[in-house]
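> Dropping the structure in here first, questions after.
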Amino acid sequence: MQHRLDTPEDCKRTDGELPEPERQPESEAAKPPVAQLPGFAAQLIGQRMRAMYDTIAQEPVPEDLLELIRQLEAKERSK
Amino acid sequence: MTATKSFGDALIEAIPNLRAFAHSLSGDAQLSNDLVQETLLKAWTHKDSFVPDSNLKAWLFTILRNTYFTHYRKSQREELDEDHAAMNASVPPAQLTHLEFEDMQRALMRLSPDHREALLLITAEGFSYEDAARVCGCAVGTMKSRVNRARSKLLEEMSGQSDEGAPGEGEEPSKSSSGL
């Protein structure tokens, strides 16, 4: 696991608000419309997705991630 | 965030969801931890730019997805293994059998990255279409279209009807262009 401390554009907003959408649909607009799935099919996919997602979310948080935050907080306190 | 909760506490609280999103998006347990670590570091480094009581979760998700797509573009040049997801899946879930979990993850990884993240944000993470569109830097209509297409494609994959083999359908993942 590497600690990258570069300064990407990813975090440079100053107001904490979400960015305005700038990119307009390109390939999506060119595609033919897709018919809505029947409700039960969308529901099934949703259930499966959430089950998979919740399983990962419920895994114990790796100690090194918690340690990272502790170290950052300790470093800040020591300033 | 409340006055009693530190920024670090808020980050720790967000880690489970960040890991779930990163793992589902990348299909790789180890990579997902690296992505989350990088996200936490970036968020900490730029925490002064975050306004308390605004949407920290969406801010963190935006950093994470941009970090992932940066990695994705690099890894595309090295040709991602098609079965990356299945090989790197984490511990089988309690709610789904191991096979169901792998099938779901494999099907998810065969969606384009744009469609995969749309489905994850809306269906699994519960973002509104508006917030998800902001995270991804696209229009709300595009987000709705992506979710609809992703559902259809996923249903095809899960029922074995798809004849398209390559993950991503050759689409280039997008990056929020306005900062986050």
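The values are calculated or read from the model by the stated rules, or taken from the named source; none is laboratory data. As the structure is a computational prediction, the values presented were derived from the model and not from experiment. So basically every Cβ, Gly included, is an ideal-geometry build from the backbone, and we count neighbours across all protein chains shown.
> Looking only at the stretch A:36-50, how many residues end up being over 17 Å from the mean Cα position of the chain (by Cα) and crowded, with 17+ Cβ neighbours inside 10 Å?
Selection size over the stretch A:36-50: 3.
> Also, quick follow-up: If we scan the stretch B:2-11, do we find a residue that is aliphatic (A, V, I, L, M), within 8 Å of another protein chain (Cβ to nearest Cβ) and within 14 Å of the chain's Cα centre (by Cα)?
No, the conditions are met nowhere in the stretch B:2-11.
> Of the conditions (1) more than 7 Å from chain A (Cβ to nearest Cβ); (2) at pLDDT below 80, residue B:90 fails just one. Which one is it?
That leaves (1) as the condition not met.
> Here is a further query. From the residues in the stretch B:12-46 that are more than 15 Å from the chain's Cα centre (by Cα) and either assigned to a loop (DSSP other than H, G, I, E, B) or small (Gly, Ala, Ser) (or both), which one is surrounded by the most Cβ atoms within 10 Å (Cβ to Cβ)?
B:43
> Out of the residues in the stretch B:23-63 that are facing chain A (nearest Cβ under 7 Å) and among the small types (Gly, Ala, Ser), which is nearest to residue B:9 (Cα to Cα)?
Of everything passing the filter in the stretch B:23-63, B:43 is nearest to residue B:9 (Cα to Cα).
> For the stretch B:131-149, what are the residues that are more than 9 Å from every other protein chain (Cβ to nearest Cβ) and either of a type in the set (Gly, Ala, Ser) or over 16 Å from the mean Cα position of the chain (by Cα) (or both)?
Scanning the stretch B:131-149 gives B:132, B:144.
> Among the numbered conditions (1) over 17 Å from residue A:50 (Cα atoms); (2) within 9 Å of another protein chain (Cβ to nearest Cβ), tell me where residue B:125 comes up short.
Answer for residue B:125: the failing condition is (1).
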